[in-house]
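**Q** Here's a structure for you.
The values are calculated or read from the model by the stated rules, or taken from the named source; none is laboratory data. Since we're looking at a predicted model, the values are computed, not measured. Quick reminder, even Gly has a Cβ in these numbers, built from the backbone with ideal geometry, and neighbours come from all protein chains shown. Just so you know, the surface numbers come from the protein's heavy atoms only, side chains and all, with ligands and any DNA or RNA stripped out. Shrake-Rupley method; radii C 1.70, N 1.55, O 1.52, S 1.80 Å.
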Amino acid sequence: MSLEENVMTQLKAAMRAKDSTALEALRAVKSAILLAKTENGGGEALSEEQELKLVQKLVKQRKDSAQIYKDQHREDLAAPEEAQAEVIGQFLPKQLSEAEIEAKVEEIIAKTGADSMKDMGKVMGLASQELAGKADGKTISAIVKNKLS
């Protein structure tokens with residue numbers, strides 16, 4: 001089942017359950033899919049990679065917004081953003097734990113022979129490819145910096 005079909009199924013279920021948070025989040029995903037399809041040149045379906053990037057972007061937007069609201073002591077606005085991020089995040093593959101990410105990063109560092117911060121770009125490039133959708137870019141970056149410094 002494609003992302004679009006999955007979102008539509010979830011959208012219908014959210015409408016029946018009268019879940020406004022889920023509805024809002026799913027409508028945002030549906031809208032982003034439609035925008036991406038029109039940018040793609042018509043009605044052709046998105047590739048799995050494009051779908052993954054789209055969902056990651058939407059989750060990141062919600063989390064960043066929630067963080068900004070928290071920094072401004074607006075918990076009332078942060079909570080719905082976090083809830084939406086969770087609803088959208090269900091379309092992402094299972095996220096790896098920090099220990100699993102660390103093991104992968106160590107493997108990549110060994111493979112590339114990186115030994116200093118100069119090699120961070122090389123390591124990040126490979127890590128981002130291998131861990132796409134399974135880990136947050138910020139987390140990967142922090143672990144790579146820690147290992148190389």
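**Q** May I ask for the distance between the Cα centers of the stretch 1-65 and the stretch 90-108, given as a whole number of Å?
**A** Each part's Cα centre sits 24 Å from the other's.
**Q** Okay, moving on. If you count only protein heavy atoms with a 1.4 Å probe, what accessible area per residue comes out for the chain, rounded to a whole Å²? Show your work: numbers first, answer last.
**A** On the way: 9280 Å² over 149 residues.
For the chain, the per-residue accessible area is 62 Å².
**Q** Continuing with this model, one more query. Can you send over the carbon and sulfur percentage of the accessible area for the chain, probe radius 1.4 Å, protein chains only? Please list the in-between numbers first.
**A** Values: 4720 of 9280 Å².
Using a 1.4 Å probe with all protein chains present, the chain comes out at 51 percent carbon and sulfur.
**Q** Hey, what angle do you get for helix 20-39 against the long axis of the chain, alpha-carbon based, 0 to 90 degrees rounded to 10?
**A** 70 degrees
**Q** Using protein chains only and a probe of 1.4 angstrom, how many square angstrom of Met120 are accessible, to the nearest 10?
**A** Surface accessible to solvent at Met120 totals approximately 30 Å².
**Q** Compute the long axis of helix 48-71 from its Cα atoms, compare it with the longest principal axis of the Cα atoms of the chain, and write down the angle in degrees, 0 to 90, nearest 10.
**A** Rounded to the nearest ten degrees, it is 90.
**Q** Identify which of the listed values of Kirkwood radius over Cα pairs in Å was calculated from the structure shown: (i) 16.2; (ii) 17.7; (iii) 17.1.
**A** Entry (iii).
**Q** In degrees from 0 to 90, rounded to the nearest 10, what is the angle of the helix 137-148 Cα long axis to the longest principal axis of the chain?
**A** 10 degrees
**Q** Then there is this: Give me the one-decimal nm value for the distance between modelled label points at Ser47 and Ala132, 7 Å along each residue's Cα-to-Cβ direction.
**A** Once both label points are built, they end up 0.7 nm from each other.
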